[in-house]
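Asker: Right, I'll just put the structure down here and ask away after.
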Amino acid sequence: MQKRIRLLLLNDRLFKFLSVLATLIVIYFSLKSPNPNSKNWYFLIIRGDFLLHFICYFGLSSIYFYAFLNIQNGRFYALLLSIIVGILLEILQIIPFFRRFFDFQDLISNIIGAIGGVFLNKLFSIKTTNKLF
């Protein structure tokens, strides 16, 4: 079982495909016009869209992490790419065509999610590779 997990994690073609797919999904949902009837919701005291931004960029940076796993400085590239995607999408929301708006707090949630995704996957990969070898 551990050998299969190791082979799956080292299969960079799968994760490169997933990273392109995940990026396209994030672009779609970030630039899609919002529902005019939607209301703010909260998880405990955190506004729900902050949680969604965090989860989204946590997942995106995790996929990038494994897509760049076989590349030197891959963790840095995964973090950099997910932060760049987050910044560009927030800037694109300024364009009136998308009927969205730039929110600095969303940008902070994106960056925290990206950092968390890379950091936790780094810890996971260290523990996994120590047990597999």
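Asker: Is there any pair linking a residue in region 77-103 that is farther than 25 Å from TYR66 by Cβ to one that is among the small types (Gly, Ala, Ser) and surrounded by fewer than 19 Cβ atoms within 10 Å (Cβ to Cβ), with Cβ under 8 Å and at least six apart or on different chains, and which?
Answerer: PHE98/SER33; ARG99/SER33; ARG100/SER33
Asker: Which members of region 92-124 meet the condition of being among the charged types (D, E, K, R) and assigned to a helix (DSSP H, G or I)?
Answerer: The answer is ASP106, LYS122.
Asker: Would it be correct to say that ASP12 is closer than 22 Å to PHE98 by Cα and in contact (Cβ under 8 Å) with a residue 24 or more places away in the chain? Write out each step before concluding.
Answerer: Values: closer than 22 Å to PHE98 by Cα: no; in contact (Cβ under 8 Å) with a residue 24 or more places away in the chain: yes.
The answer is no for ASP12.
Asker: List pairs: first residue in region 20-32 and within 16 Å of ILE95 (Cβ to Cβ) and in a helix (DSSP H, G or I), second residue basic (Lys, Arg) and open to solvent by 30 Å² or more (accessible area, probe 1.4 Å) anywhere in the structure, Cβ distance under 7 angstrom, at least six positions apart or on different chains.
Answerer: Qualifying pairs under 7 Å: LEU31/ARG100.
Asker: May I ask you to verify whether ILE95 is aliphatic (A, V, I, L, M), at pLDDT below 90 and exposed (fewer than 14 other Cβ atoms within 10 Å of the Cβ)?
Answerer: On the way: aliphatic (A, V, I, L, M): yes; at pLDDT below 90: yes; exposed (fewer than 14 other Cβ atoms within 10 Å of the Cβ): yes.
Criteria met by ILE95.
Asker: Only residues that are modelled with pLDDT of 90 or more, touching a helix residue (DSSP H, G or I) at 6+ places or on another chain (Cβ under 6 Å) and not hydrophobic (A, V, I, L, M, F, W, C): list them for region 16-52, please.
Answerer: SER19
Asker: I would also like to ask the following. Spot the failing condition for ASN70; the list is (1) at pLDDT below 85; (2) open to solvent by less than 50 Å² (accessible area, probe 1.4 Å), and only one is missed.
Answerer: (2)
Asker: Just checking, does region 33-51 include any residue being exposed (fewer than 11 other Cβ atoms within 10 Å of the Cβ) and among the small types (Gly, Ala, Ser)?
Answerer: Checked region 33-51: at least one residue is exposed (fewer than 11 other Cβ atoms within 10 Å of the Cβ) and among the small types (Gly, Ala, Ser).
Asker: A further question follows. Any residue that is open to solvent by 70 Å² or more (accessible area, probe 1.4 Å) and at pLDDT 90 or above - is there at least one of those in region 116-129?
Answerer: Start the filter on region 116-129 by keeping residues that are open to solvent by 70 Å² or more (accessible area, probe 1.4 Å), which leaves 119-120, 122-124, 126-127.
If we keep only those that are at pLDDT 90 or above as well, we get 119-120.
Checked against the condition, which is being open to solvent by 70 Å² or more (accessible area, probe 1.4 Å) and at pLDDT 90 or above, region 116-129 yields at least one hit.
Asker: Which condition from (1) modelled with pLDDT of 85 or more; (2) within 23 Å of LYS32 (Cβ to Cβ); (3) in a loop (DSSP other than H, G, I, E, B) is the one that LEU89 breaks?
Answerer: (3)
Asker: Right, next: Examine region 43-50 for a residue that is in a helix (DSSP H, G or I) and within 18 Å of ASN121 (Cα to Cα), and state whether such a residue exists. Write out each step before concluding.
Answerer: Residues of region 43-50 in a helix (DSSP H, G or I): 48-50.
Subsequent filtering for residues that are within 18 Å of ASN121 (Cα to Cα) retains none.
No, region 43-50 contains no residue that is in a helix (DSSP H, G or I) and within 18 Å of ASN121 (Cα to Cα).
The values are calculated or read from the model by the stated rules, or taken from the named source; none is laboratory data. Small disclaimer: the values here were computed from a predicted structure and weren't measured. As a convention, Cβ positions derive from the backbone with ideal geometry for all residues, glycine included, and neighbour counts pool all protein chains shown. What goes into the accessible areas is simple: the full protein's heavy atoms, side chains included, and nothing from ligands, DNA or RNA. Shrake-Rupley method; radii C 1.70, N 1.55, O 1.52, S 1.80 Å.
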